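Heads up: the structure comes next, in structure tokens.
The values are calculated or read from the model by the stated rules, or taken from the named source; none is laboratory data. All figures in this text were calculated on a predicted structure; none of them were measured in a lab. Note that we place each Cβ from the backbone using ideal geometry, even for glycine, and neighbour counts take in every protein chain shown. Only protein heavy atoms, including side chains, enter the accessible area calculation; ligands, DNA and RNA are left aside. Shrake-Rupley method; radii C 1.70, N 1.55, O 1.52, S 1.80 Å.
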Amino acid sequence: MAREVQGTFELEPAATAETWTGPTAEVAVAVPILHHLTYAVPAELLDTVEPGIRVRVPIGGRQVTGFVIAITPEATVEGKLRPLTAVLEDRPCVVPATLRLGLWVARYYGAAPGESLQAVVPAAVRHGRRLKEDVLVEIVDVAAARAALDEHLEQASWQGRCRVLRALLDGIEGGNDDPQDGGQRLRELQRRAKVSVSPIDTLQRGGLVRRRRVPALEDPFAKLRPKQQSPPTLTADQATALKALIPLLGAQTFAATLLHGVTGSGKTEVYLQLLERTLAAERSAILLVPEIALTPQTVERILGRIPEVAVLHSNLSDGDRATQWRRLRSGEVRVAVGPRSAVFAPLANVGLIVLDEEHETTFKQQSSPRYHARDVALHRGRIEGALVVLGTATPSLETEGMVRRDEILRVSLPTRVGGRPMPKVSVIDMRHEKPVGPGGIFSRVLVNSIDETLGSGGQVMLFLNRRGFSTMILCRVCGWRASCSQCAIQLTHYRGGDRLLCHYCGEERHAPRECPDCKSPSIRYGGFGTERVQASISALFPEKRVDRMDGETLARRGAPERLYRDLFDGKIDILVGTQALAKGLDIPNVTLVGVVSADTALLIPDFRSSERTFQLLCQVAGRAGRGDVPGRVIIQSYCPDHESIQAARHHDHHAFVERELAHREALSYPPSANLARVVAESSDAEIAAKTAMDVATKARSWPETLAGKVTVVGPAPCPIPQLKGQHRFHLLLVAPDVDSITELLDRIPRRSGRRLRVLVDRDPVALM
Ligand code: ADP
Ligand code: ZN
Ligand code: ZN
């Protein structure tokens, strides 16, 4: 009995009995339908149907899977009702708490319940795939692959295939031309190259790549055998914090806390002690970390103290993921560590949920359901009666808002472990500097400090949140700029490979020798990214070992572990990198951090750019001086007086937050208001614009809007008006309270067709 169908699915009239008397099941089907559907439960299935279980049901002329969310044992339904077709598992793979959580996510984020429940259960677990094997895709002949890439690079129909070849070639590290080294698992390759399987199939038919079945890759963390560590003597701050937190954990009711500790204050030790106590109380726990922080270092630290852990990271093979899931589901292990999706871990009786680096925007999922793990964690805490701990040195403004509304208790670690001082931060005004070295990147002060630091045996990190070599390619004669044909984005030049790349869709081109418009050979390669920083610093310090950690280098197999090892063992003198540097690295010998430009995030026209800048600067500065030698930080900027930079310089979180909260309030941005963003996307700009206008007009006629409870802002073109060939318009719903937004999301007509997509992003982390 379909009540309301959204999107592109249409139901045919149902057909079984005239009137059904007997048990019925409410089913959330895995298609974009915002409401669940009712089915008759045939007598032979009655014993096996329970809430949470996955079933197969008819919808229209198709069979789809869905989750049973409720059962009515004795129902009388007038009219025709179709029966469930099959029950797909012996025992539900969701636990009661996560079933409730999934349904809450659907309602709160305006997603289809079936889709939200899909997010709760990983595909590997749902499909029950063959566990011991992976499909590996590899290049047949490296030279042929390079030639094909070169030949077809700028051919529109080859875009997907080129990205696949590039991803495979990138996996083969310098000089070594063994294609087997570059083999990648099918799913990972698809993710990396942003493609469906079809270009891979086409390449295979053309003889350029082949598939091979291989034993499932081993979980890189499965081999870690850390020595058991005993807890250190707590610092006074840690002891005070635990004194506040332990009673809340013991109360076994919901409590939300912010563990606000400066970088190097020993937050992890507080988490570990709480985890140990949770297990001792026979309860289970979840530790959420940003994906990028899920390094061997972090995992080793946890496993050294708590062996009973399932690590759910995104590089797990399907088989390992399913295994970890079962270990959690059966209660064999009671601690789940993982990125945002681990918030749905199938644990019973959760007593503690920790979100480390809670300010990280990677906790927000960017596809439906667009949930934020922080808010889901808080809700799960409510359902389970658990203690939720949000840990960070730089709390998000949302969390600060909740602290101020007394919804979250702040517990502070104001000083570093061992009485170590915070690093001394200097800001260099680049407007008055005559840069040294090639590329005009470094101030004299920074180069001198690097020299001094290396001279005294220290290591250096250089941070720049921009990849590539040149970031602006333009014609000096006519002003032509190299931008993506599918996105309103400038292309980045990579010198290795001499190519231009779009960071959004992966489109690639040969670096031009002449202007495509006016044929002038004067092409300017301006702006710089990490690749050029590396080249430039290597030229200044030719005898030093310089390495790079960014999206490009980290994609190489084994690179994260190798870079971390080499850094720790002192085999790298200078490490250049993007925000990958800022996350959790604890290297005692790094005594100087240079921020090559603090301005990259400030240039982004988004209401969070000040917050992002402040957080990044504090986090990256926090890598310096974690050992016995005090740390130094040098920040280069063209707007040195900006409040984010000044606050980071003085480690003054409080001042930053006070000022930023006032701005947000004045402009009705979170946390002063609740936002939902509606985006209309179409390959036809007019259709996108008109759709956004229609939604806005409709929203302006809602009683809530007329009564002033909700404000509609827009529509307007998105700041990035075109992405992957789709033209984009958006509008914002702004409301002072949470509930009115929840009500309204249901009323927005969704589209998920190829011509037109209308999506809703509640509590967006960016408005780009
Ligand atoms: P944060 O996450 O707050 O930046 P970490 O948890 O990484 O800080 O801790 C910083 C360093 O201090 C780590 O090397 C950690 O092992 C060490 N540490 C933490 N607590 C103590 C303690 N009580 N005594 C000695 N060393 C500690
Ligand atoms: Zn030109
Ligand atoms: Zn693009």
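Here the contact order of the chain, divided by its residue count and restricted to Cα pairs under 8 Å and six or more residues apart, works out to 11 percent. How tilted is helix 373-384 with respect to the longest principal axis of the chain? Cα atoms for both, answer in degrees (0 to 90, nearest 10). Orientation of helix 373-384: about 40 degrees from the principal axis. The 1.4 Å probe gives accessible areas that order LEU37, LEU186, largest first, as LEU186, LEU37.
Between ASP628 and GLU44, the FRET efficiency from the beta-carbon distance, with R0 = 51 Å, is close to 0.10. In this structure the amide hydrogen of ALA86, modeled in the peptide plane, comes within under 5 Å of the amide hydrogens of ARG56, none closer than 5 places in sequence on its chain. Between the helical axis of 609-621 and the longest alpha-carbon principal axis of the chain there is an angle of about 60 degrees.
In the assembled protein chains, LYS690 presents an accessible area of approximately 120 Å² (probe radius 1.4 Å). Summarising the amide proton neighbourhood of MET549: residues at separation of 5 or more, or on other chains, whose placed amide H is nearer than 5 Å comprise VAL576, GLY577, THR578. In the context of the full set of protein chains, the chain has a per residue accessible area of 41 Å² (1.4 Å probe). Taking trypsin sites (Lys or Arg not before Pro) across region 412-514, the ones in a DSSP loop with at most 16 further Cβ atoms lying within 10 angstrom of their Cβ are ARG476, ARG495, ARG513. Spin-label model, SER230/GLU291: points 7 Å from Cα along the beta carbon direction are separated by 4.0 nm. Mind checking which lysines have their Cα closer than 19 Å to the Cα of LYS571? Skip sequence neighbours fewer than 8 apart in that chain. Within the straight-line cut-off, LYS571 pairs with LYS544.
Here the chain exposes an accessible surface that is 52 percent carbon and sulfur, computed with a 1.4 Å probe and the other protein chains kept in place. For the chain, the Cα gyration tensor yields ellipsoid semi-axes of 42, 33, 28 Å (square root of five times each eigenvalue, largest first, whole Å).
Loop-located GluC sites (Glu not before Pro) in region 306-413 (DSSP state other than H, G, I, E, B) with a sparse environment of at most 11 neighbouring Cβ atoms within 10 Å: GLU332, GLU407. For a paramagnetic label modelled at 7 Å from the Cα of ALA75 toward its Cβ, which residues of region 20-37 fall within the zone defined by backbone nitrogen distances under 18 Å? The answer is 20-31, 33-37. Cross-link candidates for LYS227: which aspartates and glutamates have Cα within less than 12 Å, leaving aside residues fewer than 8 places away along the same chain? Candidates past the 8-residue exclusion: GLU300. Which shape class applies to region 470-527: rounded if a/c is under 1.5, otherwise prolate when a/b exceeds b/c and oblate if not, where a ≥ b ≥ c are the square roots of the Cα gyration tensor eigenvalues? Prolate.
Entry note: region 367-521 has Rg to Rh equal to 1.11, where both radii use alpha-carbon atoms and Rh is the Kirkwood radius.
Counting only heavy atoms of the protein chains and using a 1.4 Å probe, THR263 has close to 10 Å² of accessible surface. Net length available on complete extension from GLU561 to ALA281 is 97.3 nm, with 0.36 nm assigned per residue and the Cα-Cα distance removed.
In this rough spin-label picture, where each label sits 7 Å from Cα along the Cβ direction, the ASP737-HIS663 distance is 3.0 nm. Quick check on region 254-391: take the gyration tensor over C-alpha atoms, sort the square-rooted eigenvalues as a ≥ b ≥ c, and tell me if it's rounded (a/c under 1.5), prolate or oblate. Rounded is the answer for region 254-391, as its axis ratio a/c remains below 1.5.
Just to verify a number: what accessible area does TRP104 come out at with the full protein assembly present, 1.4 Å probe, Å² rounded to tens? Its heavy atoms expose roughly 60 Å² to the probe. Beyond 29 Å in Cα-Cα separation lie the following of the pairs LYS690/LYS724; LYS583/LYS709; LYS267/LYS364; LYS364/LYS724; LYS194/LYS709: LYS583/LYS709; LYS194/LYS709. Straightening the chain between GLU686 and ASP201 buys 171.1 nm, computed as 0.36 nm per residue apart minus the Cα-Cα spacing.
Relative to the longest principal axis of the Cα atoms of the chain, the long axis of helix 653-667 makes an angle of roughly 60 degrees.
Accessible surface ranking for PHE541, PHE568, 1.4 angstrom probe, highest first: PHE568, PHE541.
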